[in-house]
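What follows is a single structure, written as C-alpha cells, with notes after it.
Just so you know, all these numbers are worked out from the coordinates, no wet-lab data involved. Only a predicted model underlies this, so the values are computations on that prediction, with no experimental measurement involved. Don't worry about glycine lacking a Cβ; one is built from the backbone with ideal geometry, like all the others, and counts go over all protein chains shown.
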C-alpha cells in the first residue's frame, strides 16, 4: 500500500503542478484546458484514494470472503450511482462536482474493507 500511495501521490502532485502542460498534450483549445483543470485536480485526488482503497479491498478478497466483497462493491456502486444521478441529473451541478463521484466510490470501498480487516472477524471465518 505504501508503494501504491507513494506512486499515486507522486503522479497526482505532477498532474497538479503541471496541469496545463498535461492537458495541452490532448491538442485541444485553451477553453478546453481551462474547463478541464478542475476535473484534472479532482481526478488526481481520486487516484490517491483509489491506490489505498484497492489494496484494502484486495485484502478482503484475500480472506476468501467473497460475500463481504460483493456487498462492499454493491454498496459502493449504489452510492456512486445515486450520487451521479442526483448531482448531474437532479441538481444539474457542474461536471467537476459530478467527477467527485470517484471520491464517493473509492471511500465507499475503503471504509468497510478497512473496518473488516481491522476487526479481525476474518481470522476465524470458515469459507
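Under 10 Å, Cα contacts only: if you run a Gaussian network model on the chain, which one of 29, 101, 66 comes out with the highest mean-square fluctuation?
29
Rounded to the nearest 10 degrees, what's the angle between the helix 2-17 long axis and the longest principal axis of the chain, both from Cα atoms, 0 to 90?
Taking the Cα atoms of the chain, the angle to 2-17 is about 10 degrees.
Tell me, 60, 111 in order of fewest to most beta-carbon neighbours within 10 Å?
Taking fewest neighbouring Cβ atoms as first place, the list is 111, 60.
Relative to the longest principal Cα axis of the chain, at what angle does helix 66-84 sit, 0 to 90 degrees, rounded to 10?
Around 30 degrees separate the two axes.
Size of the stretch 71-127 along its principal axes in angstrom, Cα-based, largest extent first?
Dimensions of the stretch 71-127 along the principal axes of its Cα atoms: 47, 16, 11 Å.
Please state the relative contact order of the chain as a whole percent: Cα pairs under 8 Å, 6+ residues apart?
Dividing the mean separation by the residue count of the chain yields 30 percent.
Using a simple spin-label model with points 7 Å from Cα along the Cα→Cβ vector, what separation in nm is obtained for residue 111 and residue 37?
In this crude spin-label approximation the distance works out to 3.2 nm.
Give me the orientation-averaged projected area of the Cα convex hull of the chain, in nm², one decimal.
One quarter of the hull surface, i.e. the mean projection, equals 9.0 nm².
Give me 20, 41 sorted ascending by neighbouring Cβ count inside 10 Å, so fewest comes first.
Going from least to most buried by this count: 20, 41.
Between the helical axis of 101-119 and the dominant principal axis of the chain, each derived from Cα atoms, what acute angle in degrees is found, rounded to the nearest 10?
Its long axis makes an angle of about 20 degrees.
What ranking do 123, 100 get, fewest neighbouring Cβ atoms within 10 angstrom at the top?
123, 100
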